[in-house]
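Contents: one structure, followed by commentary.
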């Protein structure tokens, strides 16, 4: 497959991102995305079922996190295994500039935000199965994943704003903040 | 407004739940829901824009949680204020039998599960604004809410399974489990 052919999907993704940014998701048509990418509408539908899916193709993040959890030291607690996995996701999130644009476009368009929540739920389901294969009880697995996702959101939004910190550092920072936030209140002196 | 008229919405909701349970969301039409409720399709559309919305009308939970957070003792931490609010949601969740049926129907139908995630995101947004009005920084507010929602999911799923515990007790139990799960690992003796 020649290079231009194999990159058609990437060109469609970049074209869609740009059009969603400049004119919004609702006002962008599949025909426009295809034209901007130098392709036909027919080509578009070889890669994506509709325009909402353009930004959600691929399962790199899910595959990466599941593989990391599966490879984690068996002595780690479920929470530690998840945090370690999340800290290594930086390679998937790069280039940061592109992720930042994507995050903004998704936040600005309800149909994309809805799809994004679903994708996150799918990742959570896959991680739950990975933890269950490590012997974690399903209810506990779901709980620890929900908490880890909260940490990941906190760390990732900082990573997008701060070019100097690593994602692993920010995951550790958010975990430390969580420990502090949930600590039992200190006894009040009366 | 006569009684039968004011309860039309409730009848439509119960009819939809029953039809989604017995034949699935996809195979249920608005016409069927209306007929089962003893109403016309036209009446249906006075209350709901489409069949997906039938199970998501009303903002009782959001309104309740926001009011609780606003009324919380100013000396409580954001996390404590949220947990206290969540513990009082039992009155909204009753009757439990109905919530259990609703949860099962939503889990079994992707279109409903997607809508449910969105509704939860709206509640999180409303709670974030409530915490910000208490002076909490937006990033921290979002983080603490994500964690509190994880606790709420854990507590609610146990409450649905166990008729004897109160939701407030189960929220406290999940918070205790969270503290344990995120505690730094004990030093290993070598």
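The numbers here are math on the coordinates, done by the rules we state, and not lab data. Keep in mind it's a predicted model, so treat the numbers as computed, not measured. Heads up, the Cβs are rebuilt from the backbone with ideal geometry, glycines too, and the neighbour counts pull from every protein chain shown.
General observations
- GNM remark for chain A: springs join alpha carbons under 10 Å apart, and the peak mean-square fluctuation among A:66, A:136, A:171 falls on A:136.
- Springs between Cα atoms under 10 Å define the GNM used for chain A, and in it the highest mean-square fluctuation of A:75, A:29, A:152 occurs at A:75.
- Estimated from the Cβ-Cβ distance and a Förster radius of 51 angstrom, the FRET efficiency linking residue B:134 and residue A:57 is about 0.80.
- Residue order, fewest to most surrounding Cβ atoms within 10 angstrom, among B:106, B:33: B:106, B:33
- Rel. contact order, % - alpha carbon contacts under 8 angstrom, at least six apart, region A:3-54: 38 percent
- Listed from fewest to most Cβ neighbours within 10 Å, the set A:153, B:102, A:46 follows the order A:46, A:153, B:102.
- Volume of the convex hull of chain B (Cα atoms only), normalised per residue: 171 Å³.
- Closest approach to the axis - chain A beta-carbon, rotation onto B, Å: A:117, 2
- Counting every alpha-carbon pair across the protein assembly as shown, the share separated by more than 36 Å comes to 32%.
- Whether region A:96-171 is rounded, prolate or oblate, judged on the alpha carbon gyration tensor where a/c under 1.5 counts as rounded: oblate
- Calculated [222 nm] ellipticity per residue, helices only, for the protein assembly as shown: -22500 deg cm²/dmol; basis is -39500 (n - 2.57) per DSSP H run with n ≥ 4, divided by all residues, nearest 500.
- On Cα atoms only, tilt of A:138-161 relative to the major axis of chain A in degrees: 70 degrees
- Normalised by the number of residues in chain B, the mean separation of alpha-carbon contacts (under 8 Å, six or more apart) gives a relative contact order of 20 percent.
- Starting from the label point of residue B:88 at 7 Å along Cα→Cβ, the same points in the other copies fall at 4.6 nm, in ascending order.
- Helix B:78-87 axis, angle to chain B major axis (alpha carbon atoms, nearest 10°): 40 degrees
- Using a Förster distance of 25 Å, the FRET efficiency for residue B:41-residue B:113 (Cβ separation, nearest 0.05): 0.45
- Shortest-first distances to equivalent copies, position residue B:38, nm, label 7 Å out along Cβ: 6.7
- For region A:33-131, the relative contact order comes to 33 percent (Cα pairs under 8 Å, sequence separation of at least 6).
- Label point distance in nm, residue B:100-residue A:120, each placed 7 Å from Cα along Cα→Cβ: 3.0 nm
- Ascending list, in nanometres, of distances separating the residue A:18 label from those of the other copies (7 Å, Cα toward Cβ): 5.6
- Rounded Å value of the spacing that divides the Cα centres of region B:10-88 and region B:118-181: 19 Å
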